[in-house]
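Take a look at the structure below.
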Amino acid sequence: MQREIVLDTETTGLDAKKGDRLIEIGCIELINRIPSGREYHQLINPDGRDVHPDAERIHGISTASLADKPVFAKVVEQFLEFIGDDGTLVIHNANFDMGFINMELDRLGRPAITPDRVIDTLALARRKHPAGPNTLDALCKRYGVDNSKRIKHGALMDSTLLADVYVELLGERQANLSLAKSNASDDANKVVHFAKASQRPSPLPPRLSPEDEAAHLKFAESLGDKAIWRKYLTIADQPKS
């Protein structure tokens, strides 16, 4: 069983090293690249740090709306329990999110989450689509993932979209669909109709010229009587021995 956690965060600003704080975490659990139905979502009080107006315009989360939310120290155990010790974290632009998560862990004297546990889908997208763009919205458009409800950024919404994009980036959508549950009795009762293939108005011209055929016959003759090519030649075509 392969367990992965697609993760996204929202923050008070852009720089954890200058005091910006984590204010939202959203996680979607994947088992063998298929959402299991388990989710983790938490809004977090930034503990005295105001949300920057530019950040609020992006995610819509205000300082006032976080006043009654728990600080990170109150939810860290629940968060770490959800991601576990073995789950791979799938994150778009992972350096940003992990910078904030590890900064919060460091404040509490907790060990950092190591890079070997993280897959950065932005790096995957840049390798697969070097011409870009490779924002989450751009990748949703490229792969036909419906992001119409994404009016503003949100950690759980973005994790849900990224889970679909991630499978597309890996080219595993068809494999996953084949594993989806279906109603066997319904499938057994379905009648499938195949349309009759249309015929060409005239046959395609042969791709081999008479010279090509003669050269092949000469080559087949050089292979001897036991050459397998002789099984596919008509008597008229058989090389003269």
Whether any residue in region 27-34 is touching a His at 6+ places or on another chain (Cβ under 8 Å), farther than 17 Å from Met103 by Cβ and assigned by TED's automatic domain parsing to the domain that holds Arg150 is what I want to check. yes
For region 50-58, check the following and say yes or no: at least one residue is in the same structural domain as Gly26 (by TED's automatic domain parsing), buried (at least 19 other Cβ atoms within 10 Å of the Cβ) and touching a helix residue (DSSP H, G or I) at 6+ places or on another chain (Cβ under 7 Å). no
Considering every residue within region 88-100, establish whether at least one is farther than 14 Å from Asp8 by Cα and not basic (Lys, Arg). no
Out of Gly19, Gly48, Gly26, Gly13, report the one residue that is closer than 30 Å to Val167 by Cβ and either touching a strand residue (DSSP E or B) at 6+ places or on another chain (Cβ under 9 Å) or not β-branched (Val, Ile, Thr) (or both). Gly26
Picking from Leu80, Leu66, the residue that is modelled with pLDDT of 95 or more, within 19 Å of Ile113 (Cβ to Cβ) and assigned by TED's automatic domain parsing to the domain that holds His153 would be Leu80
Taking Lys152, is it modelled with pLDDT of 80 or more, among the basic types (Lys, Arg) and surrounded by 10 or more Cβ atoms within 10 Å (Cβ to Cβ)? no
Restricting to region 90-127, and then to whatever is among the charged types (D, E, K, R) and out of contact with any helix residue (DSSP H, G or I) (no Cβ under 6 Å at 6 or more places or on another chain), can you tell me which residue is surrounded by the most Cβ atoms within 10 Å (Cβ to Cβ)? Asp97
Give Ile44, Ile25 a once-over and let me know the one that is under 22 Å from Thr121 (Cβ atoms) and of a type in the set (A, V, I, L, M, F, W, C). Ile25
Just to be sure I understand the filter: pairs with C-beta atoms under 7 Å, separated by 6 or more residues or on different chains, first member in region 123-134 and of a type in the set (A, V, I, L, M, F, W, C), second member outside any helix (DSSP H, G or I). Which pairs pass? Ala125/Asn134
Considering only helices (runs of 4 or more DSSP H) wholly within region 111-170, the ones with at least 3 residues that are farther than 19 Å from Cys27 by Cα are 121-128, 136-143
Here's a check for you: in region 96-122, which residue that is in contact (Cβ under 8 Å) with a residue 40 or more places away in the chain and of a type in the set (D, E, K, R) is nearest to Glu77 (Cα to Cα)? Glu104
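The values are calculated or read from the model by the stated rules, or taken from the named source; none is laboratory data. A quick note: this is a predicted structure, and the numbers were derived from the prediction, not measured. Note that we place each Cβ from the backbone using ideal geometry, even for glycine, and neighbour counts take in every protein chain shown.
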